[in-house]
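The values are calculated or read from the model by the stated rules, or taken from the named source; none is laboratory data. Just so we're clear, the structure is a prediction, and the values are computed from it rather than from any experiment. Positions of Cβ are backbone-derived with ideal geometry, glycine not excepted, and every protein chain shown enters the neighbour counts. Note: areas computed on protein heavy atoms with side chains; ligands, DNA, RNA excluded. Shrake-Rupley method; radii C 1.70, N 1.55, O 1.52, S 1.80 Å.
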Amino acid sequence: MEIKLKLNGKAILASVEADTVLLDFLRDHGCLSIKRGCDTSNCGLCTVLMDGKPILSCSTLAVRADGHEIYTLEGLQAEAEDFVGFIADQGADQCGFCNPGYVMNTIALLRENPDPTDEEILAFLAGNLCRCSGYDGQLRGIRNYLNSRKA
Amino acid sequence: MITIQKYVRAQSLEEAWQLNQNKRNRILGGMLWMRLGKSSINTAIDLCDLGLNTIEETEEAFSIGAMVTLRDLETHNGLNSYTNGAVAHAVQDIVGVQFRNLATVGGSIWGRFGFSDVLTVFLAMDTYVELYKGGIIPLEQFNNMKKDNDILVRIIVKKAPCKVVYTAMRAQRTDFPVLACAVSCLNGEYRASVGARPARAQIYRDENKLAAGAVTEENASAFAAFVAENAPTEGNVRGSAAYRTHLIRVLVKRCMLELGGI
Ligand SMILES: Cc1cc2nc3c(=O)[nH]c(=O)nc-3n(C[C@H](O)[C@H](O)[C@H](O)COP(=O)(O)OP(=O)(O)OC[C@H]3O[C@@H](n4cnc5c(N)ncnc54)[C@H](O)[C@@H]3O)c2cc1C
Ligand code: FES
Ligand code: FES
């Protein structure tokens with residue numbers, strides 16, 4: 001099937017099978033930041049933004065992106081750079097596999113709620129699982145970033 | 001793993017219904033539950049072009065389209081002001097924001113899942129289901145019907161005088177609930193909707209008027225004990241039957257006290 005979408009700001013016309021999931025489609029289009037973790041809509045590693053909303057690309061058909069706008073981390077480097085250094089400073093990541101999904105969902109959080117409380121951060125990021133850390137480092141990193149904006 | 005031969009964006013409910021009469025075709029909600037199973041689907045029927053992704057509020061009711069997402073429920077001001085946040089509370093621990101941006105009301109109610117927070121909270125209110133062929137029927141009736149090939153078009157929550165409180169017990173945030181519980185005072189009658197027993201939610205009405213009048217510690221305990229005695233529970237990996245029965249007693253009472261402002 002033919003689909004037309006905007007990927008990281010660029011118009012794309014592509015042919016996909018009815019059951020191709022967005023994750024595979026996007027990786028085939030060079031967006032290797034997206035990871036397949038659980039493949040059962042539990043871990044958030046495959047998070048992308050569709051029309052500005054964070055969704056799970058492992059569980060979305062590519063045909064459903066027809067007519068929509070998708071952003072992956074490849075297209076949001078500048079926005080991510082603002083805060084990822086603060087997370088790195090905390091040594092929050094170990095293997096780093098969860099990081100792109102985490103960063104994408106943090107972007108969605110900060111767009112929706114630029115000054116979240118710790119509880120709001122934990123609630124918004126609850127669907128991003130990390131097998132290495134205890135989430136504290138990520139929380140401290142985001143908190144330090146938010147504090148630095150206020151300073 | 002599922003395979004899909006063909007994908008169709010239905011242009012009318014009639015087209016979607018006709019396609020859905022073939023057993024190898026399936027309506028797509030958010031596809032999250034469906035993906036966990038094994039099936040070979042001939043035609044996947046998408047309702048996304050049918051304008052069913054909105055919540056309409058009138059003086060009398062909320063009309064919630066089948067393609068409305070759980071995140072839409074969570075963030076809808078009118079619905080959460082009517083339910084004092086109970087709807088948001090019911091869905092907010094379902095996996096994550098990204099998941100709730102995909103999971104639909106249609107798929108959640110159609111599925112009649114035992115663990116469903118969504119079904120549990122709506123059963124506590126004056127809720128109806130609109131089926132394309134089956135018309136508008138109470139959610140309670142729909143909940144006890146066998147699955148067929150109709151289409152769930154929307155759910156309707158009538159703005160009856162209603163106070164509702166939701167709570168669930170989870171072993172950890174984002175896991176399935178061990179027990180889901182919504183207690184309401186609807187048109188002056190107390191009712192408890194208890195799900196994840198682990199069987200699907202059912203309504204237990206205060207038919208003996210144990211909680212008539214203002215809520216007190218005593219009548220809250222009496223109604224909770226009544227529900228615990230009448231709601232069958234079973235054990236599974238998340239908890240034993242005895243633990244669930246104990247939870248019913250505790251959670252129904254807590255909800256009652258919150259309803260009564262105690
Ligand atoms: C990993 C995971 C964890 C979950 N945890 C919870 C939880 O803690 N609490 C909770 O309440 N729920 C939970 N759920 C269930 C979830 O919230 C949804 O209820 C579920 O995914 C179904 O919604 P969907 O939109 O994905 O439907 P789908 O998976 O797309 O559809 C489900 C079924 O309904 C049919 N269908 C869909 N829409 C219609 C319609 N309009 N008319 C007729 N038939 C239709 C489909 O054909 C399919 O058979 C979980 C699900 C998953 C996958
Ligand atoms: S890979 Fe998509 S949620 Fe885990
Ligand atoms: S750092 Fe390894 S999964 Fe998060």
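Data table
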{"item": "Using θ = phi - 60° and Karplus 6.51 cos²θ - 1.76 cosθ + 1.60, couplings along the stretch B:249-259 (whole Hz; Gly, Pro as x)", "result": "4, 6, 6, 5, 4, 4, 5, 4, 5, 5, 4"}
{"item": "Value of [θ]222 nm, deg cm²/dmol, for the protein assembly as shown, DSSP H segments ≥ 4, -39500 (n - 2.57) each, nearest 500", "result": "-9500 deg cm²/dmol"}
{"item": "Long-range HN-HN contacts of B:Ile136 with modeled amide H, under 5 Å", "result": "B:Leu131"}
{"item": "Surface per residue (accessible, 1.4 Å probe) for the protein assembly as shown, Å²", "result": "43"}
{"item": "Unsatisfied cross-links (Cα-Cα over 23 Å) in the set B:Lys23/B:Lys133; B:Lys23/B:Lys146; B:Lys6/B:Lys38; A:Lys4/B:Lys6; A:Lys53/B:Lys163", "result": "A:Lys53/B:Lys163"}
{"item": "Choice from A:Asn105, A:Asn113, A:Asn128 showing the highest fluctuation, given a GNM over chain A with Cα pairs closer than 10 Å", "result": "A:Asn113"}
{"item": "Threshold 20 Å² - residues in the stretch A:10-48 whose accessible area is reduced by that much or more when the chain is no longer isolated, probe 1.4 Å", "result": "A:Ala18, A:Asp19, A:Asp39, A:Thr40, A:Ser41, A:Asn42"}
{"item": "Derived scalar couplings ³J(HN,Hα) [the stretch A:55-66; Karplus, 6.51 cos²θ - 1.76 cosθ + 1.60; whole Hz; x for Gly, Pro]", "result": "9, 9, 6, 5, 10, 10, 5, 4, 4, 6, 7, 4"}
{"item": "Mean separation of Cα contacts under 8 Å (6+ apart) over length of the stretch B:1-42, as relative contact order %", "result": "65"}
{"item": "Carbon + sulfur, % of accessible area of chain B - ligands and nucleic acids excluded, 1.4 Å", "result": "50"}
{"item": "Unit Cα scatterers, Debye sum, chain B: log10 I(q)/I(0) for q = 0.09, 0.10 Å⁻¹", "result": "-0.40, -0.49"}
{"item": "Peptide B:19-30, shielding by other chains (average Cβ, 10 Å cutoff)", "result": "1"}
{"item": "1.4 Å probe, heavy atoms, protein only - residues of the stretch B:97-113 losing at least 50 Å² accessible area vs chain alone", "result": "B:Val97, B:Gln98, B:Asn101, B:Leu102"}
{"item": "Loop-exposed GluC sites (Glu not before Pro) per DSSP, neighbour cap 16 Cβ within 10 angstrom, longest uninterrupted part of chain B", "result": "B:61-206"}
{"item": "Contact order normalised by residue count of the stretch B:125-262, Cα under 8 Å, 6+ apart, percent", "result": "20"}
{"item": "Relative contact order for chain B, counting Cα pairs under 8 Å that sit 6 or more residues apart, in percent", "result": "15"}
{"item": "Rounded Å value of the spacing that divides the Cα centres of the stretch B:1-25 and the stretch B:164-193", "result": "34"}
{"item": "Extension gain, B:Arg170 back to B:Glu56 (0.36 nm per residue minus Cα-Cα distance, nm)", "result": "37.9 nm"}
{"item": "Other protein chain Cβ atoms within 10 Å, averaged over every residue that makes up A:55-64", "result": "6"}
{"item": "FRET efficiency, B:Asp148 to A:Arg131 (Cβ-Cβ, R0 60 Å, nearest 0.05)", "result": "0.90"}
{"item": "Nitroxide proxy distance, nm - points 7 Å out along Cα→Cβ at A:Ser148 and A:Met1", "result": "4.4"}
{"item": "From phi via Karplus (6.51, -1.76, 1.60), per-residue ³J(HN,Hα) for the stretch B:225-236 in Hz, x at Gly/Pro", "result": "5, 4, 5, 4, 6, 9, 8, x, 10, 9, x, 8"}
{"item": "Pair A:Glu81, B:Arg24: separation of 7 Å Cα→Cβ label points (nm)", "result": "5.3"}
{"item": "Label-to-label distance, nm, for residues given as A:Glu112 and B:Asn208 (7 Å Cα→Cβ offset)", "result": "4.4"}
{"item": "Amide H partners (placed H, <5 Å) of B:Val95, local residues excluded", "result": "B:Thr174"}
{"item": "Long-range HN-HN contacts of B:Ile27 with modeled amide H, under 5 Å", "result": "B:Ile45"}
